[in-house]
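Heads up: the structure comes next, in structure tokens.
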Amino acid sequence: MKTTKFFLIATFYLFISCCYSQEHLMFKNIPLNGNIDIFASELIKEGFEIKEKNENAILMSGTYVNRLCDIIVFATKKTKSVWRVNIYLPKDTIWNSIKNDYFELKKQFITKYGKGKSYEFFSKPYKEGDGYEMLAVLLENCHYATYWKTQRGMISLNISTFKKISIKYEDNTNSALDEKETSEEISKEI
């Protein structure tokens with residue numbers, strides 16, 4: 001009887017702790033959670049500097065994956081909770097260079113997060129090897145992206161139209177909070 005009672009109590013506390021201790025996606029070992037200013041101060045400790053700041057986003061510069069980059073930290077409208085981080089590596093104007101960087105980073109992410117879901121192709125009239133790959137990038141006809149869906153959130157790696165590699169970390173819990181707060185704000189206006 002004591003064993004059963006102990007088991008039920010232990011199960012109850014485990015259930016309660018699981019409900020209240022939500023895990024968040026991590027960026028540079030910092031959870032995408034909490035106030036945007038506190039999150040930014042943690043990044044400053046990691047060597048990042050603030051370039052611009054507004055109510056719901058902070059643009060910072062620093063080093064990520066051994067490269068100088070710009071990052072944008074996004075916060076929810078009302079509670080100012082961090083829900084997404086976008087990273088932009090330096091601009092590249094040579095197709096083979098940006099493509100090689102993409103695949104090198106993809107290997108690193110695969111090592112940590114698994115295979116992911118990839119889309120790597122050009123839209124007509126462009127194709128790899130035609131000499132117009134970077135024009136295709138600029139005109140949104142180059143589609144090189146990989147997505148990793150984890151229990152905590154979504155991570156994406158892609159070649160952006162800005163001729164940069166873009167990496168995004170989006171936390172599930174706070175992304176839902178952002179949608180809720182945005183919806184509430186719109187509802188008040190209509």
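The values are calculated or read from the model by the stated rules, or taken from the named source; none is laboratory data. Every value quoted in this text rests on a predicted model; they were computed, and no experiment measured them. Using ideal geometry, Cβ is built from the backbone for each residue, glycine included, and neighbour counts are taken over all protein chains shown.
Points worth noting:
- Evaluated against (1) touching a residue at least 60 places away in the same chain (Cβ under 8 Å); (2) closer than 23 Å to Asp178 by Cβ; (3) among the charged types (D, E, K, R), Lys99 falls short on exactly one condition, (2).
- Of the listed requirements (1) in a helix (DSSP H, G or I); (2) touching a residue at least 24 places away in the same chain (Cβ under 8 Å), Ala176 misses just one: (2).
- So Thr150, is it on the phi < 0 side of the Ramachandran plot, buried (at least 18 other Cβ atoms within 10 Å of the Cβ) and touching a residue at least 40 places away in the same chain (Cβ under 8 Å): no
- Any hit, region 98-111, residues being of a type outside the set (Asp, Glu), touching a strand residue (DSSP E or B) at 6+ places or on another chain (Cβ under 9 Å) and over 24 Å from Leu25 (Cβ atoms): yes
- Among the residues of region 52-66, those that are of a type outside the set (S, T, N, Q) and surrounded by 13 or more Cβ atoms within 10 Å (Cβ to Cβ) comprise Lys53, Ala57, Ile58, Leu59, Met60, Gly62, Tyr64, Val65.
- Tabulated pairs, region 122-134, first free of Cβ contacts under 8 Å to residues at least 12 places away in the same chain, second outside any strand (DSSP E or B) and hydroxyl-bearing (Ser, Thr, Tyr), C-beta under 6 angstrom, 6+ apart or interchain: Tyr132/Tyr126
- Residue within region 18-31 that is assigned to a loop (DSSP other than H, G, I, E, B), modelled with pLDDT under 95, among the small types (Gly, Ala, Ser) and surrounded by 10 or more Cβ atoms within 10 Å (Cβ to Cβ) present: no
- Of all residues in region 76-95, those that are outside any strand (DSSP E or B) and crowded, with 19+ Cβ neighbours inside 10 Å total 4.
- Subset of region 39-71 [among the β-branched types (Val, Ile, Thr) and closer than 15 Å to Leu157 by Cα]: Val65, Ile71
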